[in-house]
Amino acid sequence: MKKVSLAALCLLCASSTFAQSYKGYGDIPGNAVGYATKVVEYKPGPNAKAPNNIGSQALGAPDYYTSANTLATLDGGYIILEFDPYALLPDGTNNAEVYVYEAETYESWDAYVSNDLTTWTKLSPSFKSLSSGQAGHGSVIGYDLDAYKAVAPTFKYMKIVDTAGTTGGSDIDAVVQTSGIYIGADKLIDTDSRNGKVYDLYQNTATGAIGVKIIDKQNHVTYIPFSTDSSLDAVALSLQGDFNCDDEKDINVLATRKSDSVQLNIIKQQDGTAIRTIDNATVK
């Protein structure tokens, strides 16, 4: 692999006509180009209990039914999410561009978008795939941003407010975007390719966040976050191993933890699902 240090070009990511699938959820019309990558604010209600009261569980790809991950329970509260290095972008169709995934029984919420965290625009659902409570099935609600182009051409933030009333509240697994505009200021650290796809390892020069951008044969772009702050320095990228034995090469990012200079291998599936993190300081 050849290490490079070039400024990333801004990319416009349009939604596609493909259907995106995640275990336990109904398919959505579109191809994921990114996920919520940062929790701006998380204020759950008083009955949100550990381990399901951690806002970061709403980041990345939907993974509750693949890794038995915990959830960001709202319980009458709310969560504000950011999609750095993307902003949400209307795609000019009647399809939704952003989808909220909730695990298990459907419990209602309202969704809002903003660019300044002060003025919020409430969204109306344009897509629904709701669970009736059967085990192993969650709900998805999508929002078509084209109806709000008069408010702003793009949106940086999304706020999800629980409206479930007396129940335990909505349990957010993830938020997926199928259309976005790249607004990051990233440095390209490393690159690799496999089966017609290009994998670029970036580090954001403003936030320090690390991510991998995947460009497929049709030039569709997906961004997989590997960190959300400046605690790590990206070193290298590899797609040589299949760590979970699913016949697909996994993304292995080598990074240095700044606090103690220890190197970590952070391994994820190509859909963004976390597999494991290896601390190279570990000794028997």
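The values are calculated or read from the model by the stated rules, or taken from the named source; none is laboratory data. These numbers were taken from a predicted model, which means no experiment stands behind them. We place every Cβ from the backbone using ideal geometry, glycine too, and count neighbours over all the protein chains shown.
So, of the residues in the stretch 221-248 that are modelled with pLDDT under 85 and surrounded by 18 or more Cβ atoms within 10 Å (Cβ to Cβ), which turns out to be farthest from ASP271 (Cα to Cα)?
THR228
Report the residue count in the stretch 19-51 for those that are crowded, with 18+ Cβ neighbours inside 10 Å and either in contact with a Cys (Cβ under 7 Å, 6 or more places away or on another chain) or more than 26 Å from LYS217 (Cα to Cα) (or both).
Residues that pass the stated criteria total 8.
Here is a list of conditions, (1) under 17 Å from ASP271 (Cα atoms); (2) in contact with a helix residue (DSSP H, G or I) (Cβ under 6 Å, 6 or more places away or on another chain), and ILE172 meets all of them except one; can you say which number that is?
Of (1) under 17 Å from ASP271 (Cα atoms); (2) in contact with a helix residue (DSSP H, G or I) (Cβ under 6 Å, 6 or more places away or on another chain), only one is false for ILE172: (1).
Let's see how each residue does on (1) farther than 21 Å from GLY60 by Cα; (2) out of contact with any Lys or Arg (no Cβ under 7 Å at 6 or more places or on another chain); (3) modelled with pLDDT under 95:
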{"site": "ASP250", "(1), (2), (3)": "no, no, yes"}
{"site": "ALA255", "(1), (2), (3)": "no, yes, no"}
{"site": "SER261", "(1), (2), (3)": "yes, yes, no"}
{"site": "LYS268", "(1), (2), (3)": "no, yes, yes"}
{"site": "ASP271", "(1), (2), (3)": "no, yes, yes"}
{"site": "ALA274", "(1), (2), (3)": "no, no, yes"}
{"site": "ILE278", "(1), (2), (3)": "no, yes, yes"}
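Which residues, taken from the stretch 11-31, are in a loop (DSSP other than H, G, I, E, B), under 25 Å from LEU239 (Cβ atoms) and modelled with pLDDT under 50?
Within the stretch 11-31, LEU11, SER16 meet the criteria.
Restricting to the stretch 32-41, and then to whatever is more than 18 Å from ASN69 (Cα to Cα) and outside any loop (DSSP other than H, G, I, E, B), can you tell me which residue is nearest to the chain's Cα centre (by Cα)?
This residue is GLY34.
Being of a type in the set (Asp, Glu) and out of contact with any Leu (no Cβ under 9 Å at 6 or more places or on another chain): is that true of ASP247 here? Working first, answer last.
Values: of a type in the set (Asp, Glu): yes; out of contact with any Leu (no Cβ under 9 Å at 6 or more places or on another chain): yes.
Yes; evaluated as a whole, the condition is true for this residue.
Are there strands (runs of 3 or more DSSP E) fully within the stretch 52-169 with at least 2 residues that are without any contact (Cβ under 8 Å) to a residue 12 or more places away in the chain, touching a helix residue (DSSP H, G or I) at 6+ places or on another chain (Cβ under 7 Å) and surrounded by 21 or more Cβ atoms within 10 Å (Cβ to Cβ)? List them. Walk me through how you get there before you give the answer.
Values: elements: 78-82, 86-88, 98-102, 109-114, 125-129, 139-143, 157-162.
In the stretch 52-169, there are no strands (runs of 3 or more DSSP E) which contain 2 or more residues that are without any contact (Cβ under 8 Å) to a residue 12 or more places away in the chain, touching a helix residue (DSSP H, G or I) at 6+ places or on another chain (Cβ under 7 Å) and surrounded by 21 or more Cβ atoms within 10 Å (Cβ to Cβ).
Considering GLN177, GLN269, which residue is under 20 Å from ALA36 (Cα atoms) and either assigned by the TED database to the domain that holds GLY60 or more than 16 Å from the chain's Cα centre (by Cα) (or both)?
Answer to the check: GLN177.
Would a scan of the stretch 196-204 turn up a residue that is crowded, with 21+ Cβ neighbours inside 10 Å, modelled with pLDDT under 90 and in a strand (DSSP E or B)?
Yes, there is a match, as at least one residue in the stretch 196-204 is crowded, with 21+ Cβ neighbours inside 10 Å, modelled with pLDDT under 90 and in a strand (DSSP E or B).
Six or more apart or on different chains, Cβ atoms under 9 Å: show the pairs whose first residue is in the stretch 178-196 and at positive phi and whose second is surrounded by fewer than 18 Cβ atoms within 10 Å (Cβ to Cβ).
ASN195/LYS217; GLY196/ASP216; GLY196/LYS217
Could you identify the single residue in TYR101, TYR86 that is in the same structural domain as ALA150 (by the TED database) and modelled with pLDDT of 95 or more? Give the steps one after another, and end with the answer.
Working: TYR86 fails: modelled with pLDDT of 95 or more.
Result: TYR101 is the single residue among TYR101, TYR86 that is in the same structural domain as ALA150 (by the TED database) and modelled with pLDDT of 95 or more.
From the residues in the stretch 153-171 that are among the hydrophobic types (A, V, I, L, M, F, W, C) and modelled with pLDDT of 95 or more, which one is farthest from SER114 (Cα to Cα)?
From the stretch 153-171, those among the hydrophobic types (A, V, I, L, M, F, W, C) are 155, 158, 160-161, 164; that's our starting set.
Cutting the leftovers down to modelled with pLDDT of 95 or more gives us 155, 158, 160-161.
Numbers: PHE155: 6, MET158: 7, ILE160: 12, VAL161: 14 Å.
For the stretch 153-171, the residue satisfying everything is VAL161.
Looking at THR66, is it under 16 Å from the mean Cα position of the chain (by Cα) and more than 10 Å from ASP173 (Cβ to Cβ)?
On the way: under 16 Å from the mean Cα position of the chain (by Cα): yes; more than 10 Å from ASP173 (Cβ to Cβ): yes.
Against the criterion (under 16 Å from the mean Cα position of the chain (by Cα) and more than 10 Å from ASP173 (Cβ to Cβ)), THR66 qualifies.
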